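The values are calculated or read from the model by the stated rules, or taken from the named source; none is laboratory data. In this text the structure is predicted, and so the values were computed from the model without any measurement. Backbone-built Cβ (ideal geometry, glycine too); neighbour counts: all protein chains shown. The accessibility values were calculated without ligands, DNA or RNA, using every heavy atom of the protein model including side chains. Shrake-Rupley method; radii C 1.70, N 1.55, O 1.52, S 1.80 Å.
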Amino acid sequence: MDEGDDLIISTVKGLKFIYLVREGLVYNILNALDKYPYWFQGERGDNVLQYTAAEGASNLQFRVSTQLAYEGI
């Protein structure tokens, strides 16, 4: 990744994707994953997530957004 890039990841069942946004252009980089990737899913209660970087960690921002999903009709 380069300075100013955004990475957008969706783990919603049936709507999984990974997009790289660079200089206003959006790239689908799903093919950068292994053939059978692990997609994390949040659980009820507190979820603790961490990220690391080999360098430039002070330039990183991490945000998680959720959507309430209800079972039923």
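Here is a yes/no grid of residues against (1) under 15 Å from Lys13 (Cα atoms); (2) within 16 Å of the chain's Cα centre (by Cα); (3) in a loop (DSSP other than H, G, I, E, B):
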| site | (1), (2), (3) |
| --- | --- |
| Pro37 | yes, yes, yes |
| Arg44 | no, no, yes |
| Ala53 | no, yes, yes |
| Gln61 | no, yes, yes |
| Val64 | no, yes, yes |
| Leu68 | yes, no, yes |
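Residues that are closer than 18 Å to Gln67 by Cβ, aromatic (Phe, Trp, Tyr) and at pLDDT 90 or above within segment 8-48 comprise Phe17, Tyr19, listed in sequence order. Looking only at segment 14-31, residues that are closer than 18 Å to Gly4 by Cβ, open to solvent by 90 Å² or more (accessible area, probe 1.4 Å) and in a strand (DSSP E or B) come to 3 in all. For segment 33-54, a tally of residues being surrounded by fewer than 10 Cβ atoms within 10 Å (Cβ to Cβ) and under 16 Å from Asp6 (Cα atoms) returns 2.
Applying the set (1) open to solvent by 80 Å² or more (accessible area, probe 1.4 Å); (2) touching an Asp or Glu at 6+ places or on another chain (Cβ under 8 Å) to Gly4 leaves exactly one unmet item: (1).
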